[in-house]
Each structure stands twice: as structure tokens, then as C-alpha cells.
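Visitor: Please read through the structure below; I'll follow up with questions.
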Amino acid sequence: MVRGYDFTTVISEEKEFLFVKSEYKQLRIKLADVLYFEGLKYYMKIVLKDNTKPILALMSLKSLEEELPGIHFMRVHRSFIVSLKYIEVVERSQIIINKQLITVSEQYKPRFLDYINDNSLNP
């Protein structure tokens, strides 16, 4: 332990925001406001709950996925990471978040269905 510094506190603290590069600026994104992240060819689209215009950021979904708290976000498709708290409807292989239809791909479906089953009142 470094004098005056408790590493366990840092590890247990949850990330509340990220800085992402967008249009030559570093923008602070509050994770609680994120509906979903969509991977584009060289960019990532960040859709926020109170923002009509999505943010385009220079970052890959793979590197983002490593930074996100796993209990709040889940990758459901090669191109999508969603905020679990904003899922409104689950129907077969699709979910709806803020009127946006997002497909859950076969690769990510087992983990997603486990999450749904663990948080469902229906047997």
C-alpha cells in the first residue's frame, strides 16, 4: 500500500463518466445518461436520453466495452452496447430502447437471455 492511498477504494468505485474524443474536443459523457452506443466504421455513435443529436466519437466499441461497468451495460450485437436500465421491450431477438429497435445477435444472445431470466418475475 502506498502511504495515504487505499487501492481498494479506487477499485470498488464505479465509473460515472467517460471522456471521449469528438470533433477535436474531449467531451465528458455521464454514463447514467447513455441509452446505447452504436459502432460505426471508424466512429462510435453515443445516444443520450436527453439529447436529440447523437455524439460521434473517435473510439471503437471494443475499447469502450473494456471501460464500461458490466452491471449497467451489455454488448448485444457486434455494433451495439446498450444500457440495461433503458431497455423497454424484449421481443424474441430484438429490444427496444427509446423507440429504437436493436437486434440481439446470436453470438451475444445467451448472455443477454441469462440477464433477462435472472431479472424476470415469470418462470
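Visitor: Give the residues of the stretch 66-123 that are among the aliphatic types (A, V, I, L, M), over 26 Å from L18 (Cβ atoms) and surrounded by fewer than 12 Cβ atoms within 10 Å (Cβ to Cβ), sorted by residue number.
Guide: V89, L121
Visitor: Within the stretch 16-44, work out how many residues are among the hydrophobic types (A, V, I, L, M, F, W, C), under 19 Å from K62 (Cα atoms) and under 12 Å from the mean Cα position of the chain (by Cα).
Guide: 8
Visitor: Search the stretch 88-122 for residues being in contact with a helix residue (DSSP H, G or I) (Cβ under 9 Å, 6 or more places away or on another chain) and assigned to a loop (DSSP other than H, G, I, E, B), and hand back the single one that is modelled with the lowest pLDDT.
Guide: Within the stretch 88-122, the subset in contact with a helix residue (DSSP H, G or I) (Cβ under 9 Å, 6 or more places away or on another chain) is 90, 93, 95, 97-98, 104, 115, 119.
Of the ones still in play, those that are also assigned to a loop (DSSP other than H, G, I, E, B) are 93, 98, 104, 119.
Numbers: S93: 91, N98: 93, V104: 97, N119: 86.
Among them, the one singled out is N119.
Visitor: Can you work out which of the residues in the stretch 18-57 that are of a type in the set (D, E) and assigned to a loop (DSSP other than H, G, I, E, B) is surrounded by the most Cβ atoms within 10 Å (Cβ to Cβ)? Explain how you work it out, then say what you get.
Guide: Of the residues in the stretch 18-57, the ones of a type in the set (D, E) are 23, 33, 38, 50.
Subsequent filtering for residues that are assigned to a loop (DSSP other than H, G, I, E, B) retains 23, 50.
Working: E23: 9, D50: 6.
Step by step, filter the stretch 18-57, then rank; the result is E23.
The values are calculated or read from the model by the stated rules, or taken from the named source; none is laboratory data. Here the structure is a predicted model, which means the values were calculated and not measured. Please note: Cβ atoms are built from the backbone with ideal geometry, for glycine as well, and neighbour counts cover all protein chains shown.
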